[in-house]
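This report concerns only the one structure given below.
The values are calculated or read from the model by the stated rules, or taken from the named source; none is laboratory data. Computed from a prediction, not measured in an experiment: that's the story for all the values here. When we count neighbours, we look across all protein chains shown, and the Cβ atoms used for this are built from the backbone with ideal geometry, even at glycine. These area figures cover heavy atoms from the full protein model, side chains too; ligands, DNA and RNA do not enter into them. Shrake-Rupley method; radii C 1.70, N 1.55, O 1.52, S 1.80 Å.
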Amino acid sequence: MSNTIRKQLFATGGIVGSVLSLYLGYKYTIFNVEAGHRAIKFNKMKGILPTVYKEGWHLMVPWLEHPIIYDVRTHPQIFKSQTGSKDLQFVDLTVRVLYRPDAFKLPELYRFIGRDYDERVLPSIVNEVLRSTIAQYNATQLLTQREQVSFLIRKTLEERASRFSIILDDVSITHLQFSDEFSSAIEMKQIAQQDAEKAKFVVMQAEQEKKSNIIRAQGEAKAAELYGTSLAQNPAFIELRRIEASKDIADIIGRSRNRVFLESDSLMMNLTGSFDENLEKQTVKGSKLE
């Protein structure tokens with residue numbers, strides 16, 4: 001084999017060795033933390049190191065250290081629980097929880113729980129908190145004080161989750177349902193309340209109509225009294241009323257499309273009907289009206 005071939009083989013081997021060294025150096029000495037993640041390192045001699053690494057490239061000791069990466073973004077999870085209220089009513093409850101690990105306590109989280117913290121911790125504490133909280137309220141309070149119940153559940157869950165280095169960003173009740181029997185009872189109660197309100201309205205309406213009739217009767221009595229006084233003081237008042245009534249009748253007939261022929265008596269216009277041939281008032285029971 002000539003010296004040229006040997007030189008080429010050595011050169012090729014050197015290139016391959018350099019590339020392999022770079023690859024191994026990249027794989028075992030450098031690790032990358034992506035956005036929304038944090039990392040800690042496990043040292044085979046010291047265990048979990050206390051430093052938390054942010055996004056970017058970081059160094060590690062080959063074969064002695066390896067990174068443990070956590071996703072610290074907020075994650076949603078739905079939890080369902082079947083429990084009982086204070087008055088022993090069956091409650092079917094669904095809660096949505098937004099959670100994430102505490103980025104500053106990742107070493108403790110990994111040391112005591114591990115990477116699957118959401119599967120180990122959250123289901124147990126969520127169900128426990130839901131049952132203990134719902135048991136403090138009766139069925140009616142759960143319906144009328146839903147916001148207060150949700151606040152208490154969130155506050156209690158945040159306190160419990162913080163012990164395990166877990167942060168809860170939001171806790172909300174998405175579904176709250178009672179048994180079919182209780183739901184039917186609530187519906188019947190609402191119907192009864194509506195009927196009671198309707199009956200109350202009818203009674204109030206009748207009272208208003210009664211007051212209106214009394215006021216109308218009082219007005220009519222007062223009008224009759226005034227009419228009587230006017231007639232007693234001035235007998236010509238009735239004649240004036242007859243003329244006004246005749247005018248109203250004539251206006252109504254004039255606006256009608258039909259042609260109507262009426263006598264003066266029908267129009268109440270026989271103004272001389274109560275006078276004699278000398279245009280004097282006729283006498284009643286032997287006396288003359290003037």
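Restricting attention to segment 135-184, the residues that are exposed (fewer than 13 other Cβ atoms within 10 Å of the Cβ), part of a helix (DSSP H, G or I) and of a type in the set (S, T, N, Q) add up to 4. Within segment 97-129, the set of residues being among the aromatic types (Phe, Trp, Tyr) and under 24 Å from residue 175 (Cβ atoms) comprises 99 only.
Among residues of segment 152-166 that are closer than 15 Å to residue 127 by Cβ, those with a beta-carbon under 8 Å from a residue that is open to solvent by 50 Å² or more (accessible area, probe 1.4 Å) and among the hydroxyl-bearing types (Ser, Thr, Tyr) at least six positions away or on a different chain give the pairs 156/132.
Of all the criteria given as (1) exposed (fewer than 14 other Cβ atoms within 10 Å of the Cβ); (2) part of a helix (DSSP H, G or I); (3) touching an Asp or Glu at 6+ places or on another chain (Cβ under 9 Å), the one not satisfied by residue 124 is (3). The set of residues from segment 81-112 being without any contact (Cβ under 8 Å) to a residue 60 or more places away in the chain and in a strand (DSSP E or B) comprises 81, 82, 83, 84.
Only residues that are among the polar types (S, T, N, Q), over 30 Å from residue 137 (Cβ atoms) and at pLDDT below 80 were counted across segment 170-214, and they come to 1. If you scan segment 103-116, which residues turn out to be surrounded by fewer than 18 Cβ atoms within 10 Å (Cβ to Cβ) and in contact with a strand residue (DSSP E or B) (Cβ under 6 Å, 6 or more places away or on another chain)? If the condition is that a residue be surrounded by fewer than 18 Cβ atoms within 10 Å (Cβ to Cβ) and in contact with a strand residue (DSSP E or B) (Cβ under 6 Å, 6 or more places away or on another chain), then 103, 111 are the ones that fit. Every listed requirement among (1) exposed (fewer than 13 other Cβ atoms within 10 Å of the Cβ); (2) touching a residue at least 24 places away in the same chain (Cβ under 8 Å); (3) part of a helix (DSSP H, G or I) is met by residue 119 save one, (2). On the stretch given as segment 42-80, residues that are outside any loop (DSSP other than H, G, I, E, B) and within 30 Å of residue 172 (Cβ to Cβ) total 9. Just checking, does segment 62-76 include any residue being open to solvent by 10 Å² or more (accessible area, probe 1.4 Å), touching a residue at least 60 places away in the same chain (Cβ under 8 Å) and not hydrophobic (A, V, I, L, M, F, W, C)? Taking every residue of segment 62-76 in turn, at least one turns out to be open to solvent by 10 Å² or more (accessible area, probe 1.4 Å), touching a residue at least 60 places away in the same chain (Cβ under 8 Å) and not hydrophobic (A, V, I, L, M, F, W, C). Going by the structure shown, is residue 151 touching a strand residue (DSSP E or B) at 6+ places or on another chain (Cβ under 6 Å) and more than 30 Å from residue 54 (Cα to Cα)? Criteria not met by residue 151.
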